[in-house]
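These notes are about the structure you will find just below.
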Amino acid sequence: MKIGAHRARFCSNKCTGEYQSKSKSTFSCSLCTKKFEDLDCNRIHKNKYCSRICLDKAKELSKEERTIRVIERLKTNINVDENGCHIWIGAKNKKGYGLVSYYGSKLAHRLAYNLMVKVISKGMFACHTCHNPPCINIKHLYAGTAQDNSNDMKARRLKNIINK
């Protein structure tokens, strides 16, 4: 292999470095929920499934079947804490919000609200009453504007200052 030839297989220097260091993470198959290890680069770009069999089955699923499966994942990939929050234990973004693969990467709490309560229109947010980013409990979520979310955050800060 030529020097630098390995770079063509990866999207970035970060992914190349992870491959060279053999950095693997554990993931859950999007179809059968079986745990498997893979390189982070592969997981991000293509390997959402533990095997070729699951990948082929997933391609055959209808939208209704995919929706049922993602709702099952939303209900099973949680830990319930003492406040009643349903803490997402799957992938999370840098801000701590859960991520789910469903026709692209989606925020878990927003997807839960969209599928189990009502569809949130563009420009609206799925806001947390519990102020806990990984929480996907639909009882802790409401549809609101950016202003509603900001007002809620300010009220919470004020309440914390008063209670000190």
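No lab work stands behind these numbers, since they all come straight from the coordinates. Values in this document were obtained by computation on a predicted structure and should not be read as measured data. Positions of Cβ are generated from backbone atoms using ideal geometry, with glycine treated the same way; all protein chains shown enter the neighbour counts.
Considering only residues that are exposed (fewer than 15 other Cβ atoms within 10 Å of the Cβ) and assigned to a helix (DSSP H, G or I), which ones fall in the stretch 68-102? ILE68, GLU72, LYS75, THR76 - these are the residues of the stretch 68-102 that are exposed (fewer than 15 other Cβ atoms within 10 Å of the Cβ) and assigned to a helix (DSSP H, G or I).
Of all residues in the stretch 112-133, which are over 12 Å from ASP152 (Cβ atoms), in contact with a Lys or Arg (Cβ under 8 Å, 6 or more places away or on another chain) and part of a loop (DSSP other than H, G, I, E, B)?
Taking the stretch 112-133 and keeping what is over 12 Å from ASP152 (Cβ atoms), we get 112-124, 126, 132-133.
Keeping just the survivors that are in contact with a Lys or Arg (Cβ under 8 Å, 6 or more places away or on another chain) gives 120, 126, 133.
If the condition is that a residue be over 12 Å from ASP152 (Cβ atoms), in contact with a Lys or Arg (Cβ under 8 Å, 6 or more places away or on another chain) and part of a loop (DSSP other than H, G, I, E, B), then ILE120, PRO133 are the ones that fit.
Give the residue that is surrounded by the most Cβ atoms within 10 Å (Cβ to Cβ), with candidates limited to residues of the stretch 134-164 that are outside any helix (DSSP H, G or I), free of Cβ contacts under 8 Å to residues at least 40 places away in the same chain and of a type outside the set (Val, Ile, Thr).
Step one: filter the stretch 134-164 for residues outside any helix (DSSP H, G or I), giving 134-137, 141-145, 164.
Subsequent filtering for residues that are free of Cβ contacts under 8 Å to residues at least 40 places away in the same chain retains 141-145, 164.
Pick out the ones that are also of a type outside the set (Val, Ile, Thr) and you get 141-144, 164.
On the way: LEU141: 22, TYR142: 18, ALA143: 17, GLY144: 16, LYS164: 4.
The residue in question is LEU141.
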